[in-house]
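Accompanying notes for the structure given below.
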Ligand SMILES: Cc1cc2nc3c(=O)[nH]c(=O)nc-3n(C[C@H](O)[C@H](O)[C@H](O)COP(=O)(O)O)c2cc1C
């Protein structure tokens, strides 16, 4: 059975993402993120991939959102990229850990000021009375930070998914698609193919 290193898989991923960035209208880095509660009830939503290194796939969010709470009680997740312009899909499964504070600080500082204020104002996934309630919170934090720095809220940070399974799916004619799957096997990765 062929054995490979994660670096090679990452290069393949980067190549597909690059193709997608050239072809997709926007958000080539958008991925479905599936989480599950402790009881096993799944939920899924789109987030943006913000980094990929030899430790895994990074995204950022509000830690008290539904996904944040589910990841706190069940640190396993799956990602799915689908690029319509390429007829390609990549699926990733693995375990979740928190990104380091300095890494999250650095990314947060790179965001536009209005997005940083939005992070403070949004009680993501909590019920709100009406849009005005949110607008008032945006105004409140805009006034609070005035012209000063907007620091990262402690309820907003990143997660890193360390993959143990990555599948590259490429559409072929008559649904005779290619499916190449890599499984983590210690430090090495095993490659298999499956029927479409
Ligand atoms: C293209 C796109 C990108 C998004 N990126 C993010 C993101 O990076 N982080 C995030 O928290 N929510 C992002 N969202 C919003 C989420 O899909 C979701 O509505 C929100 O995070 C609340 O999810 P939850 O209640 O399951 O926690 C994005 C939505 C779209 C459509």
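Rule-based calculations on the coordinates, nothing more; no lab input. Computed from a predicted model, the values in this text were never measured in an experiment. Glycine gets a Cβ as well: all are built from the backbone with ideal geometry, and neighbour counts include every protein chain shown.
To make sure I understand, if each residue's beta carbon is the centre and we count other beta carbons within 10 Å, what order do 134, 57 fall in, fewest to most?
Numbers: 134 15, 57 25.
Ordered by Cβ neighbours within 10 Å, fewest first: 134, 57.
As a test of the formula, what do you get for the chain when each DSSP H run with n ≥ 4 contributes -39,500 (n - 2.57) and the sum is divided by the residue count, at 222 nm and rounded to the nearest 500 deg cm²/dmol?
Working: 5 runs with 60 residues, N = 196.
Calculated at 222 nm, the ellipticity per residue is -9500 deg cm²/dmol.
With a point put 7 Å past each Cα toward its Cβ, work out how far residue 51 is from residue 140 in nm, to one decimal.
Placing both labels 7 Å beyond Cα along the Cβ direction yields 3.1 nm.
If each residue's Cβ is checked for other Cβ atoms within 10 Å, how do 167, 7 rank with the fewest at the top?
Working: 167 17, 7 9.
Lowest count first: 7, 167.
At residue 125 and residue 106, where each label point lies 7 Å from the Cα along Cα→Cβ, what is the point-to-point distance in nanometres?
2.7
Given a Förster distance of 41 angstrom, what is the FRET efficiency for residue 155 paired with residue 175, based on the Cβ-Cβ distance and rounded to 0.05?
Details: r = 45 Å, r/R0 = 1.09.
Taking R0 as 41 Å, the efficiency between residue 155 and residue 175 is 0.35.
Give me the extension gain from residue 183 to residue 24: residue separation times 0.36 nm, minus the current Cα-Cα distance, reported in nm with one decimal.
Numbers: separation 159, 0.36 × 159 = 57.24 nm, distance 2.84 nm.
Result for the pair: 54.4 nm of gain on full extension.
Could you state the number of Å between the C-alpha centres of region 27-94 and region 108-137?
About 21 Å separates the Cα centre of region 108-137 from the one of region 27-94.
Taking only C-alpha pairs under 8 Å that are 6+ residues apart, what is the relative contact order of the chain in percent?
Numbers: 337 pairs, mean separation 48.0, N = 196.
Value for the chain: 25 percent.
Among 27, 60, which comes first, second and so on when ranked by fewest other beta-carbon atoms within 10 Å?
Numbers: 27 12, 60 21.
Neighbour counts put them in this order, fewest first: 27, 60.
Classify the chain as rounded, prolate or oblate from the Cα gyration tensor: take a ≥ b ≥ c as the square roots of its eigenvalues, call it rounded if a/c is under 1.5, otherwise prolate when a/b beats b/c and oblate if not. Display every interim value, and only then the final one.
Details: a/c = 2.04, a/b = 1.93, b/c = 1.06.
The shape class here is prolate.
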